[in-house]
Amino acid sequence: MQNIDAIGNELPDAVEPDSSAQKEEGVLFGDAQRTEDKKQTLHNLFVTFVKVATWAFIVVFVVRMIHFVLPTCLAWLEDTQLQTIDKSLFSGAVGGMIVNYTRNLIPMPKTDD
């Protein structure tokens, strides 16, 4: 039992980091790294949103095309639902929202004209 108590006796009470250790800590965990991590997280979130929106668009488009090809007796959506799908797919509002969001997310270089 005495050997266990002696294990920590050789260590100094407090370890003082030197200037190079403080610089390294600032590089690894400082504001620049935090900002970069935030940008990367927002980028991953946006890419995930685009992937989900793309798959949703494909599914809705396939359902609409199936209703276009199938006979009326086999269709499961009503005319009002089909009109809503047509308005959503072909109005361009969804694309406009994505372009607007992308334009705000990605800074464009300024040109001097």
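Just a few scattered comments:
- Other residues with beta-carbon under 15 Å from the beta-carbon of V27 carry, at +1 per Lys or Arg and -1 per Asp or Glu, a net charge of -4.
- Full extension of the chain segment joining E36 with S91 gains 16.2 nm, where the gain is 0.36 nm per residue of separation less the Cα-Cα distance.
- Scaling the Cα radius of gyration of the range 27-105 by the globular reference 2.2 N^0.38 Å produces a ratio of 1.67.
- Fewest-first ranking of S19, S91, using other Cβ atoms within 10 Å as the exposure measure: S19, S91
Bear in mind these aren't lab numbers, they're just calculated from the coordinates by the rules spelled out. Not measured: the values here are computed from a predicted model. So basically every Cβ, Gly included, is an ideal-geometry build from the backbone, and we count neighbours across all protein chains shown.
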